[in-house]
1. Taking the chain as a Gaussian network, where each spring joins two C-alpha atoms under 10 Å apart, which residue of G260, G54, G393 fluctuates the most?
2. Hey, what do the phi angles of the stretch 303-311 turn into as Karplus ³J(HN,Hα) couplings, whole Hz, using 6.51/-1.76/1.60 and θ = phi - 60°, x for Gly and Pro?
3. Please give the net charge around D31, taking every other residue with its beta carbon less than 11 angstrom from that of D31, where Lys and Arg add +1 and Asp and Glu add -1.
4. If you average 1/r over all unlike Cα pairs in the stretch 105-188 and invert the result, what Kirkwood radius do you get in angstrom?
5. Restricting attention to the alpha-carbon atoms of the chain, what are Rg (one decimal) and Dmax (integer), both in Å?
6. Quick check on the chain: helices-only [θ] at 222 nm, where DSSP H runs of length 4 and up contribute -39,500 (n - 2.57) each and the sum goes over total residues. Nearest 500, please.
7. Give me the net charge for the shell around S422: Cβ to Cβ below 10 angstrom, other residues only, Lys and Arg +1, Asp and Glu -1.
8. Taking H as built 1.01 Å from N, whose amide H comes closer than 5 Å to the amide H of R435, not counting residues under 5 places away?
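Computed from the coordinates by the stated procedures, all read-outs in this text should not be read as laboratory data. Remember, predicted model here, so these are calculated numbers, not experimental data. So basically every Cβ, Gly included, is an ideal-geometry build from the backbone, and we count neighbours across all protein chains shown.
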Amino acid sequence: MTLAPDHGAPAATATPPAPPRFNPFIRAYADDPYPTLAALRSRRPVLPVAGCDGRDWVVTGQAALRHALSHPDVSVDDLPARVNRAAAEAGASPSLHTLAHHLGHWLFFMDGASHRALRGLLAPIGRRDAMVAHRARLTDLADRSIDTLARTLDHTGRVDLVPDLAASYVFQANALVLGLDRRVPTNAGYLGGSDGARAWASHASRLFDIFTQPMPPRRLNAIADAAVALDAPIAAALANSDVDADPTCAAPLPALLRRGLDAHRLTREAATALVVMMLAVGQDTAQNLIANAIAALFAAPDQARRLTARPDLAAAAARECARYDSPVQMIVRRAERPLALGGEAVAAGERLFLMLGAANRDPATVNAPDRLWLAREDASLLPFGHGPHFCLGAQAALVQTECLLAALARRDFWARHRLEASERLRAPHLRGFARLCVRPSD
C-alpha cells in the first residue's frame, strides 16, 4: 500500500485534480481518518492503489464492501504464510513457531469447509442471548471496575481509562463470558482482579498487532512471546474443563472445545489456539470500542446528557458508537478469481483493503453519518464485518460496552470528569487509544 491512488498516466488534454493522499501510518490519519476516507470514497468507492506486489484496492463504499465480504471469489488474507516467510528470514525461534501454529488455526485465515465446521462448533458463543445471560455478572463487574477506578482517581487525581478501566474490564469480562474465569489455574495471574487482568490484557492486545503488516522482526518476536505467554494457561484451562456445561455459564468455550476434541474434530493444540484467538481479538475490539465510545460522548455532550438521563439507552449507544468510530477500521481480503466490484475490474490475486470505518460513514446508506446520534435507527453491525466471517465476538463486545456505559451513565461520569490528554493508536487496522486520561471536573 502506498501513499496515493494509482490512476495511471493522466490524459494529455486535461490535468485531473490531485488525488487525496492516503497513508494510514501517519499521525494525522491516526488522529482522524474520516476526512481522508470520505475524500477517497467521493472519488471512487473502489479505488486502485499501487501495492507491494502489484495493484491493490481500497474499498470505502458500504455496498461494495458488503459485496466483497460475502463474495465466494474473495478469500481471506494470506498473512500466516507471510508471517512464516518473515519468521524463516529472521531465524525461527520457539516462540515464532508457536505464533505460526496459532495463526494457522485462527478463523480469520480459514475458508470453506474447515471454517464452516469451526464456526458451527463455536456458534453458541456468538449468540446475543448467550451474552444477555451474562448481563447481571457483567454489570456487577462494570460497577466494581468503576469503583476501583474512582479509588485510583481519588488517590492520584488522574487516570488513564485504557489500562485502568477498559483493558482490565474487558479481559475479565471475556474470561467470564467464555467460561474461563473459573477454569484457569489461580497461579495464571489474572484471577486476582484488575491488576492481574491488566498484565494479561497486554498479552492479548499485543497478539492482535499481527494484523499490522509489514513489521520488523523485533515486533514479530514480541507478538510471538505474547502467544507463548497465553498458551500454557489456556491449555491448562482446557485440560481442567468438564464436557458438561456449567449451568451458571452460558455456552462456556472450554466445554464446546472439549466436545470438538472428543469428536476428533480438533487437536488440543488447535483448541488452545482458538481460545487464544478469542481472547486476543475480543480484547482489542471491545477495549477500543469502549475507549472510542467514552471519548465520543465527551465530544458530544448532548448525547452524553441523553445517556445519563436514560441509562437504558446504553445498548443503542454501544451500537451507534461502534458505527460512529469503528474499533476495527480495516480488514484485508484477496481476489481468488477476477471479479467486478463497485464498477471496477479486480484481477485474481489482487488485495482488497476493506475500510469498515469508511463504510460505516457512507452517506449513501447512513443519514448524517458524521453525527453521533444515540436515537439512530439505521445503525449497522458492519463494524464487525459481514458474511461468513462476521465477527464471532460482536455480541460480546456490544454487551460488555453496554454494561460499562450504563454503569458510567448512572454515575454521571461525563459531567463529573474532563478529558485531559489522549493519544490515538497508530495501527491502520484498528481505531482506539494508546492513552485516554481524565481528571475530575473543576
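1. Highest fluctuation of the listed residues: G54.
2. Working through the residues one at a time gives 6, 5, 5, 4, 5, 4, 6, 9, x Hz.
3. Values: positive: R27, R424, R426, R431; negative: D32, E423.
Its environment carries a net charge of +2.
4. Numbers: mean 1/r = 0.0651 Å⁻¹.
The Cα-based Kirkwood calculation yields 15.4 Å.
5. Values for the chain (Cα only, Rg and Dmax): 21.7, 73 Å.
6. Values: 18 runs with 225 residues, N = 442.
Value at 222 nm, helices only: -16000 deg cm²/dmol.
7. Working: positive: R424, R435; negative: D31, D160, E420, E423.
My count for the surroundings of S422 gives -2.
8. For R435, the qualifying residues are E423.
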